[in-house]
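These notes concern the structure reproduced below.
The values are calculated or read from the model by the stated rules, or taken from the named source; none is laboratory data. None of the values given here were measured: they were computed from a predicted structure. Every residue, glycine among them, receives a Cβ derived from its backbone with ideal geometry; neighbour counts consider all protein chains shown. Areas reflect the complete protein model, heavy atoms only, side chains present, ligands, DNA and RNA absent. Shrake-Rupley method; radii C 1.70, N 1.55, O 1.52, S 1.80 Å.
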Amino acid sequence: MRVDGPDLDAYLARIGAARPARADATALRELQVRHLLAVPFENLSIHLGERIVLEPGALRDKLVRRRRGGFCYELNGAFAELLSTLGFEVTLLAARVFGDDGLGPPFDHLALRVDVGGAGPWLADVGFGRHSSYPLRLDTGAEQADPGGTFRIAETADGDLDVIRDGQPKYRVEPRPRSLDDFEPTCWWQQTSPRSHFTRSLVCSLLTEHGRITLSDRTLIRTTGERRDERTLTGDAEVLDAYRSHFGIILDRLPPSPTP
């Protein structure tokens, strides 16, 4: 997976990042946080009836040319291609998300292992919504401080890795290398099943310099540190303006609210 020169320049411009001189840990850290600050985590396509295609060109077109966001398969799928082009060694990993009823289905989440010579391996993730701002070391069980919380990687009895934030397990990573095609069946399930969290919710969320801004259906949520402010948007025009002004997403129609 490699991005051609003009597409690479456009992708870097999309996230406000310069082309790094070296594929090192510092560059990886900068690229991840830039991506999180520029490209929202969102599931609008599911509710707008847009087909999600897990193909590198289609993902770049959506994120870069159309200036949209996406969910984990799209965001981390595109980010993996960007990193590979810049000289990083990237491995796609399947994960299962912890929920109220335990672990989700296999391939519930796509995360990235990034190997950097002399430092790493790292867990990179720009597709989990509220999560770590910076990559996490995969080769230590020690606590890792991050603006998003205190994280720890814990190995399970089966050799999988639990990603824990502030004492709560968030997802379980299987270390076996995967391809983007492996995620297609669960991506389809996430788009269509009434049991999927993504069909039952409508969300657009973006990391900010001071916290996070989220539009959950018609509720605009701003978080800054421990402070959380919520406001219900009333008219369609106000909601469309919120997508445009806060997330850079221009829509010609609103996605319908999910059915409870």
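Report the relative contact order of the range 187-237, percent, no decimals, based on alpha-carbon pairs under 8 angstrom and at least 6 residues apart.
The value is 20 percent.
What shape does the chain have by the C-alpha gyration tensor, where a ≥ b ≥ c are the square roots of the eigenvalues, rounded means a/c under 1.5, and otherwise prolate means a/b greater than b/c and oblate the rest?
rounded
Could you work out the relative contact order of the chain, using alpha carbon pairs under 8 angstrom and six or more residues apart, expressed as a whole percent?
About 18 percent, as a whole number.
Per residue, how large is the accessible surface of the range 115-205? Use a 1.4 angstrom probe and give square angstrom. Mind showing how you got there, number by number?
On the way: 4440 Å² over 91 residues.
Accessible area per residue: 49 Å².
Would you kindly state how much longer the chain becomes between ASP61 and ASP229 on full extension, computed as 0.36 nm times their sequence separation minus their alpha carbon distance, in nm to one decimal?
The span from ASP61 to ASP229 would gain 57.1 nm if fully extended.
Please give the contour-minus-distance gain from ARG253 to SER179: 0.36 nm per residue of separation, less the Cα-Cα distance, rounded to one decimal in nm.
On the way: separation 74, 0.36 × 74 = 26.64 nm, distance 3.40 nm.
Full-extension gain reported as 23.2 nm.
Considering the chain as a Gaussian network with a 10 Å cut-off on Cα pairs, which listed residue, THR234, THR223, THR208, attains the greatest mean-square fluctuation?
Fluctuation is largest for THR234.
Show me, for the range 223-228, the HN-Hα J-couplings you get by feeding each phi into the Karplus relation (A = 6.51, B = -1.76, C = 1.60, θ = phi - 60°), rounded to Hz, glycine and proline as x.
These are the phi-based 3J(HN,Hα) values: 10, 9, x, 8, 8, 10 Hz.
Go ahead and run the numbers for FRET between GLU89 and HIS197, Cβ-Cβ distance against an R0 of 41 Å, rounding to 0.05. Intermediate values should be presented prior to the final figure.
Details: r = 31 Å, r/R0 = 0.77.
It comes out at approximately 0.85.
Which cross-chain or sequence-distant (5 or more) residues have an amide H under 5 Å from the amide H of GLY211, H modelled 1.01 Å from N in plane?
none
Where the convex hull is taken over the Cα atoms of the range 36-156, what is its projected area averaged over directions, in nm²?
On the way: hull surface 34.5 nm².
If you wrap the Cα atoms of the range 36-156 in a convex hull and average its projections, you get 8.6 nm².
On a full-extension model of 0.36 nm per residue, what is the gain between ASP100 and GLU155, subtracting their alpha-carbon distance, rounded to one decimal in nm?
17.7 nm
Using a/c under 1.5 as the rounded threshold, could you call the range 88-236 rounded, prolate or oblate? The axes a ≥ b ≥ c are square roots of the C-alpha gyration tensor eigenvalues, and prolate needs a/b larger than b/c, oblate otherwise.
Since a/c reaches 1.5 but b/c is at least a/b, the shape of the range 88-236 is classed as oblate.
How much of the accessible area of the chain, probe 1.4 Å, is carbon plus sulfur, in whole percent?
Values: 5860 of 12560 Å².
Taking all protein chains in place, the chain shows 47 percent carbon and sulfur surface.
Taking only Cα atoms and a 10 Å spring cutoff, compute GNM fluctuations for the chain and point out the largest among PRO121, PRO147, PRO135.
Among PRO121, PRO147, PRO135, the largest GNM mean-square fluctuation belongs to PRO147.
With a sphere of radius 11 Å drawn around the Cβ of ALA38, what net charge do the other residues whose Cβ falls strictly inside it have (Lys, Arg +1; Asp, Glu -1)?
+3
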